[in-house]
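Okay, structure first, notes after.
The values are calculated or read from the model by the stated rules, or taken from the named source; none is laboratory data. Please read all numbers here as calculations on a predicted model, not as lab measurements. Cβ coordinates were reconstructed from backbone atoms using ideal geometry, including for glycine residues, and neighbour counts include every protein chain displayed. Quick note on the areas: whole protein, heavy atoms, side chains included, nothing else; ligands and nucleic acids left out. Shrake-Rupley method; radii C 1.70, N 1.55, O 1.52, S 1.80 Å.
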Amino acid sequence: MDPDLPLLFTADQTRARGLSRHRVAHRVALGRWTSLRRGLYCVAAAYDALDPPTQHLVQVAAALRSRGHDVLASHLSAACAYVWPMPAPGWGPPTLTSADLDIPVRRSQRLVLQVASVRPVDRGIRSDLPVTSPARTVADVLRHQPAQDSVPIADAALRSGATTSEQVWRVLEWQQAWPYVVRARASLELVDQRRETWIESWSFVRLHQHGVPLPEPQVEVLDARGRFVARGDALWDGATLGEADGRVKYLLRGPHLAGAMPDVAAERVVEEAQRRLDAEKARRDALHDLGLEVVRWGYAELARDPDAVVRRVQARRAAADPARFTGRLRRRPPDWTAPAPPPRWPVLMGDATTAPEQATSWRSS
């Protein structure tokens, strides 16, 4: 039997519970324990039961514990700690930033260690992990990631109120001589905190990269009497409504039904799916009756064939006529924010420390 151990535990903790080095090695060899770093372990079943973001944070905690100097989780790893959306390629290996300018930069499949100045204002704690501050995290992600991956993270950060575009700009001004700042500034111009989901942010950036202008996000459509009809993900030219969801609303067994009705007869599930289908059709008909053009797409088709989606969007925009629209529009203010999601990670570290401010410098930051 395994002794009672935390989610992430050390070799010293196993010895304190009476396990010899050979017993630890035996458990690792059998696959019962997972060795995350030298002398740092997880029970394999407990680790495998975690969702990918939590697994990444466990890996980050192990990487932080394995470093013997002043380091913080940064870039995508800090974004993961803040519960911001994961890029389509995933979180990648744990990414840390060290303020010790004398150590070498390191990049491997298991760890990315950046070396750069870290001011006191750039430091924070999230779920007991030392991390870069929200503004510094967004700035670093904008510098190092392509726009389709960084803008959704920046949108979420601003939407939650964790930081502001002004604060991010100030960090980029401080980093003005650092690598990839030009890319970061260009990506920041695409950020809009009114977007609600990752797929909205990702979609509008991808469409923009293929020549489609950025739409106005999250516009409510009212009828002529001011009654709510729908809220669209995107609005172009005041007459074309975009929906970044594709066919999912029309599937009889879409993700919205998965696990929601486990003990209900198949006929009842189909009835519920049909009800949703009818409601969505009525919504679309109401938008057309008001004179709006509607275009939909999903992640898979935009990722696979963006030109086809662009042609469809441009065709609907060409067919639209703002003069035909008989309803009203209600827009969100540019500084709209939503409540920030609470941290959902287990306590991973209890010994986070900080160090004095370093001189302004960077090394392959």
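Look at region 97-110: where a residue is β-branched (Val, Ile, Thr) and a partner is surrounded by 13 or more Cβ atoms within 10 Å (Cβ to Cβ) and not in a strand (DSSP E or B), sitting 6+ places away or on another chain with Cβ atoms under 6 Å, you get 97/74; 105/364.
Within this structure, residue 182 passes the test of being open to solvent by 10 Å² or more (accessible area, probe 1.4 Å) and either over 17 Å from the mean Cα position of the chain (by Cα) or within 30 Å of residue 8 (Cα to Cα) (or both). Only residues that are touching a residue at least 40 places away in the same chain (Cβ under 8 Å) and crowded, with 20+ Cβ neighbours inside 10 Å were counted in region 207-217, giving 3. Only residues that are modelled with pLDDT under 95 and among the hydrophobic types (A, V, I, L, M, F, W, C) were counted in region 89-100, giving 1.
Return yes or no: is residue 360 modelled with pLDDT under 90, loosely packed, with under 13 Cβ neighbours inside 10 Å, out of contact with any helix residue (DSSP H, G or I) (no Cβ under 9 Å at 6 or more places or on another chain) and in a loop (DSSP other than H, G, I, E, B)? Give the steps one after another, and end with the answer.
Numbers: modelled with pLDDT under 90: yes; loosely packed, with under 13 Cβ neighbours inside 10 Å: yes; out of contact with any helix residue (DSSP H, G or I) (no Cβ under 9 Å at 6 or more places or on another chain): no; in a loop (DSSP other than H, G, I, E, B): yes.
Answer is no for this residue.
Counting the residues of region 218-234 that are surrounded by fewer than 21 Cβ atoms within 10 Å (Cβ to Cβ) and in contact (Cβ under 8 Å) with a residue 12 or more places away in the chain gives 10. So which residues in region 30-79 are at pLDDT 95 or above, under 15 Å from the mean Cα position of the chain (by Cα) and not in a helix (DSSP H, G or I)? Within region 30-79, just 74 meets the criteria. If you go through region 125-146 and pick out every residue that is open to solvent by less than 30 Å² (accessible area, probe 1.4 Å) and either farther than 12 Å from residue 162 by Cα or among the hydroxyl-bearing types (Ser, Thr, Tyr) (or both), you end up with 12.
Yes or no: residue 27 in a helix (DSSP H, G or I) and open to solvent by 50 Å² or more (accessible area, probe 1.4 Å)?
Spelling it out, it is not the case that residue 27 is in a helix (DSSP H, G or I) and open to solvent by 50 Å² or more (accessible area, probe 1.4 Å).
Of all residues in region 204-263, those satisfying the criterion of being modelled with pLDDT of 95 or more, aliphatic (A, V, I, L, M) and assigned to a loop (DSSP other than H, G, I, E, B) are 212, 214, 239.
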